[in-house]
């Protein structure tokens, strides 16, 4: 989402009309769910995807028509098993896609794109709201936990209904598509070795904000971690003096040795982090746990720790291990969102 709005803002500044194509509702066996987006200009699809296949192909064509007509609307795709000729797909289901025309130089949307970039930098929990009332022309707005409504006035009923799930809300005859824009929380990665260097770009691609914590300057260089938000030089014995971990944050421990793992884990257990994972074998972990028990940590404390870190996919290489960790964090994030 961050990169999509960066490109949208740049296109508008470059005097290019654009269409923001958004899946606002879906059911059945459809390629992508609500919240999938792509940006289309006269040159074709610029960024993003709504799942590929026939729906995306038809949507790209329709977006070109929207650019000519300069009007916004919702298209209802129905994909029935017995009517595969409809869009050439073999699965049942339905997709509602909103085509939002945005004229070149639109200062309100350019300003909104700049605000979205700032929201990502600040990590402020926020939602993107699109008015999709038929015939209304479409409008974009934001609601941030700290800054409130930006870009449009929002009914209290809409604000009170915002949560982690994308949805369409109808209030006073107006329809609003609402989705979480910036998820609160960061992934603090203790150690900047090979696995961390593979992990950060994978996590960044799925909208986790990563911070590397290292005690070696050579392994704390931002260029080693494409997509990293920040790298910090720390003392693993007192990590909590350098960062403030919240209940929305994740901690992944993968330092260069047992001693630093133990120091980092001892610090992590003093935080309300929603996830604490430690890389390493069962033998290594047993030694770390035994040392922590001697320091006064209990079995109940240690139940918070996921180790070995990552889903069990028989990963061996740093890149494979990074995929397994990213998959586990995606699962944890989804489970937490479902509870809220």
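Test residue 55 against the stated conditions and say whether it is modelled with pLDDT under 90, surrounded by 21 or more Cβ atoms within 10 Å (Cβ to Cβ) and not in a loop (DSSP other than H, G, I, E, B). When the stated conditions are applied, residue 55 passes them. Is one or more of the residues making up segment 193-210 assigned to a loop (DSSP other than H, G, I, E, B) and farther than 29 Å from residue 34 by Cα? Looking through segment 193-210, at least one residue is assigned to a loop (DSSP other than H, G, I, E, B) and farther than 29 Å from residue 34 by Cα.
Filtering 208, 120 for residues that are touching a residue at least 40 places away in the same chain (Cβ under 8 Å), farther than 29 Å from residue 71 by Cβ and not assigned by TED's automatic domain parsing to the domain that holds residue 263 leaves a single hit, 120. Can you work out which of the residues in segment 150-164 that are touching a residue at least 40 places away in the same chain (Cβ under 8 Å) and surrounded by 14 or more Cβ atoms within 10 Å (Cβ to Cβ) is farthest from residue 338 (Cα to Cα)? Top of the filtered list is 151.
Residue count for segment 135-166, restricted to those that are within 20 Å of residue 34 (Cβ to Cβ) and touching a helix residue (DSSP H, G or I) at 6+ places or on another chain (Cβ under 7 Å): 4. Taking the conditions (1) loosely packed, with under 15 Cβ neighbours inside 10 Å; (2) in a helix (DSSP H, G or I) in turn, residue 312 satisfies each one other than (2).
Each row is one residue, and each column tells you yes or no for (1) in a strand (DSSP E or B); (2) assigned by TED's automatic domain parsing to the domain that holds residue 144; (3) at pLDDT 90 or above.
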site: 71; (1), (2), (3): no, no, yes
site: 74; (1), (2), (3): yes, no, yes
site: 89; (1), (2), (3): no, no, no
site: 94; (1), (2), (3): yes, no, no
site: 98; (1), (2), (3): yes, no, yes
site: 111; (1), (2), (3): no, yes, yes
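Is it true that some residue in segment 274-295 is more than 20 Å from residue 196 (Cβ to Cβ) and in a loop (DSSP other than H, G, I, E, B)? Looking through segment 274-295, at least one residue is more than 20 Å from residue 196 (Cβ to Cβ) and in a loop (DSSP other than H, G, I, E, B).
Within segment 17-41, restricting attention to residues that are part of a loop (DSSP other than H, G, I, E, B) and modelled with pLDDT under 95, the residue that is farthest from residue 114 (Cα to Cα) is 29. Looking only at segment 159-175, residues that are under 30 Å from residue 329 (Cβ atoms) and in contact with a strand residue (DSSP E or B) (Cβ under 9 Å, 6 or more places away or on another chain) come to 10 in all. Residues considered: 278, 245. Of these, the only one that is under 15 Å from residue 188 (Cα atoms) and either within 22 Å of the chain's Cα centre (by Cα) or in contact (Cβ under 8 Å) with a residue 40 or more places away in the chain (or both) is 245. For residue 151, the criteria (1) at pLDDT below 90; (2) over 19 Å from the mean Cα position of the chain (by Cα) hold in every case but one, which is (1). For segment 165-211, filtering for residues that are surrounded by 23 or more Cβ atoms within 10 Å (Cβ to Cβ) and at pLDDT below 90 leaves 1. Note on segment 212-229: residues that are surrounded by 14 or more Cβ atoms within 10 Å (Cβ to Cβ) and within 21 Å of residue 265 (Cα to Cα) total 6.
The values are calculated or read from the model by the stated rules, or taken from the named source; none is laboratory data. The shown structure was predicted, so the numbers you read here are calculated from the model rather than taken from an experiment. All Cβ positions, even for glycine, are placed from backbone atoms using ideal geometry, and neighbour counts span all protein chains on display.
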